1. In the range 237-292, what residues are touching an Asp or Glu at 6+ places or on another chain (Cβ under 6 Å) and not small (Gly, Ala, Ser)?
2. Output the residues belonging to the range 148-198 that are at pLDDT 95 or above, among the charged types (D, E, K, R), open to solvent by 40 Å² or more (accessible area, probe 1.4 Å) and out of contact with any strand residue (DSSP E or B) (no Cβ under 7 Å at 6 or more places or on another chain).
3. What's the total number of residues in the range 241-262 that are open to solvent by 10 Å² or more (accessible area, probe 1.4 Å), among the polar types (S, T, N, Q) and either in contact with a Cys (Cβ under 9 Å, 6 or more places away or on another chain) or in a loop (DSSP other than H, G, I, E, B) (or both)?
4. For the range 218-240, what are the residues that are buried (at least 18 other Cβ atoms within 10 Å of the Cβ), modelled with pLDDT of 90 or more and over 11 Å from the mean Cα position of the chain (by Cα)?
5. From the list ASP360, ASP390, ASP399, which one is among the charged types (D, E, K, R), closer than 17 Å to LYS206 by Cβ and open to solvent by 30 Å² or more (accessible area, probe 1.4 Å)?
6. Among the residues of the range 65-119, write down those that are acidic (Asp, Glu) and either assigned to a strand (DSSP E or B) or within 22 Å of the chain's Cα centre (by Cα) (or both).
7. Considering GLY287, GLY349, which residue is touching a Pro at 6+ places or on another chain (Cβ under 7 Å) and either open to solvent by 20 Å² or more (accessible area, probe 1.4 Å) or farther than 18 Å from ASP148 by Cβ (or both)?
8. Answer yes or no: is there a residue in the range 378-399 that is in a strand (DSSP E or B) and over 18 Å from GLY271 (Cβ atoms).
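The values are calculated or read from the model by the stated rules, or taken from the named source; none is laboratory data. Everything numeric in this text was worked out from a predicted model, so none of it was measured. Reconstructed Cβ throughout: ideal geometry from the backbone, glycine too, with neighbour counts over all protein chains shown. For the accessible areas, the whole protein counts, side chains as well, though only heavy atoms, and no ligand, DNA or RNA atoms are used. Shrake-Rupley method; radii C 1.70, N 1.55, O 1.52, S 1.80 Å.
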Amino acid sequence: MKRTTFGVAAALVVLAAAATPAVADGGTTTSPDISSSSASSTPSGATATAPATPTAPATWQPQGRVLTGAATTADAPVLKAGTTYQDTIKPGQTRMYTIPLDAVSSAYASAFALPPTGVKVAYNDGIELKFTSTDGTQCDSREAHFDDDGDARPVGTAVQRVASGGYGSCEVADRYTLQVHRTSEAGSDQAAWPLELRYVLEPPLKAGADRQSAPPDVTATASPTPLTTGTTKPASGGTSFETAAALRTGIWKDQVLPGETRFYKVAVDWGQQATVFADFSSAPLIGSSLNFVNTGVRLTSFSPVRQYVDGDDGSYSGAQTSLDTQVPTVSYANRSSDDDTVQRVRYAGWYYVAVTVHPDVAKQVSGAVPVTLRVQVSGTAQAGPPYAGDPGAAGIGVDARAAASADGTAPSAAGTAGGAPAVPGLRMVAYGAFGLGTLLLLVLAVWFGAARRRPARG
């Protein structure tokens, strides 16, 4: 009897341990990202199968500390470098935030408005950013509009204060202001939208370093060449910059629902450039093949500081089409270029790619649109410039190990699919299973100790 009881208890412990999800280094429970379409690993040499289609478009949920921007500079709350914030913004409203800066660091402040999926928006709706000094000088300004009717999606970019050793009003140590203004037509969605904000600091170069070197000839190739060889692998795009799926040179396959934007990231080191082609596959038609959705598909690239770099869009009728974007060769000297696209590619790091399918595509095709991403990073990685501080806090620089391990998956996302929480439920299951296994081990230990003390019966 004793051996039988021991065997049953041991079996229960084994079953409990088997039910407990694996725990990765650092104590984080590893689990699939249920806010994005799932993708299983593909055996070497096999073609990837399409990830399972989610039931509803996944959305970017704002992250960070909650704060309220002010209507005047006098009341503008102070932002801290490297910290993510969330706010809301109404049509026609201007939110102001204070950013304290020294005289030597360059600053990049980003803002993204996050309209709900499917709301009505117009061509010129969006947000406009300004970076100003205390004397009212406008250091930088950028605009991010939808550039299409009805294409509600995350929209934003970054503005900058570049310190280059000058003595202008934008290069002194002072309190600067980030202004975010929302443009909206009368017939567009009038609800307040979530807003995610962040700013980072780029340290200066060491004393004596050459700042004035002319940038190399890095103008983007007129006709980039797509990658055509390699085994197709599954990818599962994230819903935001924080949850972007890491890709490396290769061919990746995912699915994007109408009304959805998926994010991916590619590590591009100093001296390298990246080209990304997005092939939007044909899909089962529910409308006429003669109809098409203007700007039905979109491909956009952003820098490591979340600044818009380049973009492409095209009509979609349910037939195959392709878009591309190219990150010019990364160089510190690019900041002095007259080409806006080149100027924004001034640091190594993770460059982001967003793939969007217009909500109206749901009237033309059934289900998600299969998307194949052909990614190619070319050029030999070079040593970075001699920074006086650590640029890693601003996301500048490439960790070769992280870049090599890019496998098309996203970290646990904060976004949702169909309104379901992305991670907490799975985490609670993991904790529950772990607790059950621990309890059974304690019961077994007590039983075994009692059995050893119990006198044997004839």
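1. Of all residues in the range 237-292, those touching an Asp or Glu at 6+ places or on another chain (Cβ under 6 Å) come to 237, 277.
Listed by number, the list holds a single entry, PHE277.
2. GLU185 - this is the single residue of the range 148-198 that is at pLDDT 95 or above, among the charged types (D, E, K, R), open to solvent by 40 Å² or more (accessible area, probe 1.4 Å) and out of contact with any strand residue (DSSP E or B) (no Cβ under 7 Å at 6 or more places or on another chain).
3. Result for the range 241-262: 1.
4. LYS233, PRO234, ALA235, SER236
5. Values: ASP360 fails: closer than 17 Å to LYS206 by Cβ; ASP399 fails: closer than 17 Å to LYS206 by Cβ.
ASP390 is the lone residue from the list that is among the charged types (D, E, K, R), closer than 17 Å to LYS206 by Cβ and open to solvent by 30 Å² or more (accessible area, probe 1.4 Å).
6. Taking the range 65-119 first, the residues acidic (Asp, Glu) are 75, 87, 102.
Scanning the range 65-119 gives a single hit, ASP87.
7. Values: GLY287 fails: touching a Pro at 6+ places or on another chain (Cβ under 7 Å).
Answer to the selection: GLY349.
8. Going residue by residue through the range 378-399, those that are in a strand (DSSP E or B) are 378, 387, 396.
Retained after the next criterion (residues that are over 18 Å from GLY271 (Cβ atoms)): none.
No; the residues of the range 378-399 include none that is in a strand (DSSP E or B) and over 18 Å from GLY271 (Cβ atoms).
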